[in-house]
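Encoded as structure tokens, the structure appears first; notes follow it.
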Amino acid sequence: MCTSHTHSGAFAHGQLQEVFKNIWFVEGGWDMPLFLKPRISRSMTIVRNHDGTLTLINSMKLSDEGLKQLDALGKVKNVIRLASMHGADDGFYKTRYCATIYALKDTQYTKGLRTDVENTQNYFEPDIWFDEHTDLPLPNAQLWVMNSPKLKEGCIILNRDNGILLAGDVLHNTPKPNIFTNLLAKIFMHLFRLAKPYNIGVGWWLMTQPSGNELRAILNLPFEHVLPIHGQPVIGNAKEKYRKAIEYYAALAERKKWHALQGATKHGK
């Protein structure tokens, strides 16, 4: 029997759309844990495995109607959490389906938006803390981990259809606020110029301070498509579409000398 967890209600979301054979994508909303709760977009990817079971990446609780659509695709067996600041709905899928929950090793389930998590307590414990050496519950997949940010971040590449990259907070694609975004979030996105296609997760970038070299390393990964955690799917030529933003924020990270400062601190300089 699976342990029961307390869950919040489902936010509004769209239909499950098949973007590749046996891969579905759904966009919805989520209230940021900030004053006045700006509601931004978030997305979930669903992969049907050879045995008919489902693996959810970047979980998002669905409505009753959405769960009916999900159940029609197959049985939910696994959930994979790629981003350190996500995972609030992992417990729901653990309770409802007894799903095996995978979370990136050396991350934590912490409430709120924060990077000082070393002495905080997990609000949820996954079944498996995974890394590059873990067998993933996905066919022909590989994991790439960003180690330089204050909070680790993972990307999964599905080696099919010329490479499908499943992203956490690092890559966004929000050309404009979607219908699930509230007025406060729309103002916030326009004020800080976050309503852009093929962009880095700018808030994540500022908070976690990844190195320029690791950002550029994304361009060495074998992919042509991106299914992000925020925004719309990018189907075709995704690497080139993201290149400008990746190069810009990599160079800006180097100018800020985040990691030079961290290295000096470690050596007592």
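Derivation of every value follows stated rules applied to the coordinates shown; laboratory data play no part. Quantities reported herein were computed from a predicted structural model and do not represent experimental measurements.
Descriptive notes on the structure:
- P(r), alpha carbons of the stretch 17-266 - 5 Å bins starting at zero, rounded %: 1, 6, 13, 18, 20, 19, 13, 6, 2, 1, 0
- Computed lengthening from Lys68 to Ile187, 0.36 nm per intervening residue step minus Cα-Cα distance: 39.4 nm
- Of all the options Glu27, Glu65, Glu254, the one that moves most in a Gaussian network model of the chain with Cα springs shorter than 10 angstrom is Glu65.
- Computed over the stretch 200-244, the range of Cα coordinates on each principal axis works out to 29, 22, 15 Å, biggest value leading.
- Segment Leu36-Thr134, length gained on full extension (0.36 nm per residue, minus Cα span): 31.3 nm
- log10 of Debye I(q)/I(0), alpha-carbon scatterers only, for the stretch 128-269 at 0.18 Å⁻¹: -1.08
- Over all directions, the projected convex hull of the C-alpha atoms in the stretch 146-204 averages 5.3 nm² in area.
- Among Val19, Val47, Val170: highest mean-square fluctuation, GNM of the chain, C-alpha pairs under 10 Å: Val19
- Equivalent ellipsoid semi-axes, the stretch 170-250, via Cα gyration tensor eigenvalues times 5, rooted, Å: 22, 16, 9
- Relative contact order, whole percent, for the stretch 206-245 stands at 30, derived from Cα pairs under 8 Å and 6 or more residues apart.
- Diagonalising the gyration tensor over the Cα atoms of the stretch 28-122 and scaling each eigenvalue by 5 before taking the square root yields semi-axes of 25, 17, 10 Å, largest first.
- Cross-link pairs exceeding 20 Å between alpha carbons, from the set Lys61/Lys111; Lys94/Lys150; Lys77/Lys239: Lys94/Lys150; Lys77/Lys239.
- For the chain, adding -39500 (n - 2.57) for each run of n ≥ 4 DSSP H residues and dividing by the number of residues yields -7500 deg cm²/dmol at 222 nm.
- Straight-distance crosslink candidates among aspartates and glutamates, where the alpha carbon sits under 14 Å from Lys241 and sequence neighbours closer than 8 are dropped: Glu224
- For the stretch 11-25, backbone phi angles converted through the Karplus equation (6.51, -1.76, 1.60; θ = phi - 60°) give residue-by-residue couplings of 7, 4, 8, x, 7, 6, 10, 7, 9, 9, 4, 6, 10, 10, 9 Hz, Gly and Pro being listed as x.
- Within the straight-line cut-off of under 19 Å between alpha carbons, the lysines reachable from Lys186 are Lys37, Lys176, Lys196, sequence neighbours fewer than 8 places apart in one chain being disregarded.
- Of Asp51, Asp89, Asp71, the residue with the greatest mean-square motion in the GNM of the chain, using alpha carbon springs below 10 Å, is Asp51.
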